[in-house]
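Engineer: Take a look at the following structure, please.
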Amino acid sequence: MPYVTHRGQRIHYTVEGEGPLVVLQHGLFMDSESWRANGIVDALKGRHRVACVDSLGHGLSDKPADPALYAQDQRAGDLAAVIDDLGESSAAVFGYSMGAWMAVGLARHHPEKVSRLIVGGWDLVNGVPKGPQGPLTFDIFMAFARATAPALVGWVTPEIEPAMRACFEALGQLDGAPEAVLGGGFPVLLWDGREDPYHAPMQAFAAAQGLPFLSSDGGHVPAIVTPGAETVRQLVGFLDTP
């Protein structure tokens, strides 16, 4: 099992296939195996070398509690370190939700590492949506997740919860995101499920900026857990384009 050590933390990733490198970065509470379960790896590995990264705090990667280790520039550096470890100068990068925030961070802090970018399930302008009482807190978010998606968060023990809190709270770092996506010189695709709160603002952003936007079935979690065959075809088609 390959690991790369960056800023003293071990980052686990898996690799399958041969061809141009694609890096897949999962969302909060998921891991590298999520990309096999939803069929994305199988759809790509015939023509690409596919690296699925366990974010810090998730999967087989280290799970420190120090919030400073979860800052966007630090997490972007983890992705850059994986690309370097695989002997490549750049990669197509596909991130979903928290993983999209990390991918946007890579575009901001290491734009030379990105050859093509998919931002899925994320509002790169406004970040996490606000609740009726104002900004969504981790405690409210975690309680909602335990009530509505217990299988997704069942692995989060009290020992791991500080890492999840740090992951969630770091998502408020949004400075420079639109500029990084628009000014990187690489093709960009935005994707959201129609029932995702991020869908309307990102569809509007894409239209205003002349970016392609993929609208699919499902809400925030279902869109990535069970993407339809046509959605997978379009995502892979974007990554396949030279």
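Engineer: So, in the stretch 225-242, how many residues would count as being in contact (Cβ under 8 Å) with a residue 40 or more places away in the chain, in a helix (DSSP H, G or I) and out of contact with any helix residue (DSSP H, G or I) (no Cβ under 9 Å at 6 or more places or on another chain)?
Structural biologist: Residues meeting the conditions: 1.
Engineer: Another question, if that's okay. If you scan the stretch 6-23, which residues turn out to be touching a residue at least 40 places away in the same chain (Cβ under 8 Å) and over 18 Å from residue 240 (Cβ atoms)?
Structural biologist: Within the stretch 6-23, the subset touching a residue at least 40 places away in the same chain (Cβ under 8 Å) is 6-7, 9-13, 15, 20-23.
Listed by number, the residues that qualify are 6, 7, 9, 10, 11, 12, 13, 15.
Engineer: Working only within the stretch 116-139, note down all residues that are assigned to a strand (DSSP E or B), in contact with a Phe, Trp or Tyr (Cβ under 6 Å, 6 or more places away or on another chain) and surrounded by fewer than 22 Cβ atoms within 10 Å (Cβ to Cβ).
Structural biologist: 116
Engineer: Could you check the stretch 142-154 and list, in sequence order, the residues that are under 27 Å from residue 68 (Cβ atoms) and touching a residue at least 40 places away in the same chain (Cβ under 8 Å)?
Structural biologist: Filtering the stretch 142-154 down to residues under 27 Å from residue 68 (Cβ atoms) leaves 142-146, 152-153.
Across the stretch 142-154, the qualifying residues are 145, 152, 153.
Engineer: Mind counting the residues in the stretch 189-224 that are assigned to a helix (DSSP H, G or I), of a type in the set (Phe, Trp, Tyr) and touching a Phe, Trp or Tyr at 6+ places or on another chain (Cβ under 7 Å)? Outline the logic, then answer.
Structural biologist: Initially, the stretch 189-224 is screened for residues assigned to a helix (DSSP H, G or I), giving 199-209, 220-224.
Now narrow it down to the ones that are of a type in the set (Phe, Trp, Tyr): 205.
Checking which are touching a Phe, Trp or Tyr at 6+ places or on another chain (Cβ under 7 Å) leaves us with none.
So the count comes out to 0.
Engineer: Tell me which residues, restricted to the stretch 197-224, are touching a residue at least 60 places away in the same chain (Cβ under 8 Å), farther than 17 Å from residue 103 by Cβ and either in contact with a Cys (Cβ under 9 Å, 6 or more places away or on another chain) or surrounded by 18 or more Cβ atoms within 10 Å (Cβ to Cβ) (or both).
Structural biologist: 221 - this is the single residue of the stretch 197-224 that is touching a residue at least 60 places away in the same chain (Cβ under 8 Å), farther than 17 Å from residue 103 by Cβ and either in contact with a Cys (Cβ under 9 Å, 6 or more places away or on another chain) or surrounded by 18 or more Cβ atoms within 10 Å (Cβ to Cβ) (or both).
Engineer: Quick check on residue 168: is it under 26 Å from residue 228 (Cα atoms) and either modelled with pLDDT of 95 or more or in a loop (DSSP other than H, G, I, E, B) (or both)?
Structural biologist: So residue 168 fails the test.
The values are calculated or read from the model by the stated rules, or taken from the named source; none is laboratory data. Here the structure is a predicted model, which is why all the values come from computation and not from measurement. Virtual Cβ from ideal backbone geometry, glycine too; neighbours counted across all protein chains shown.
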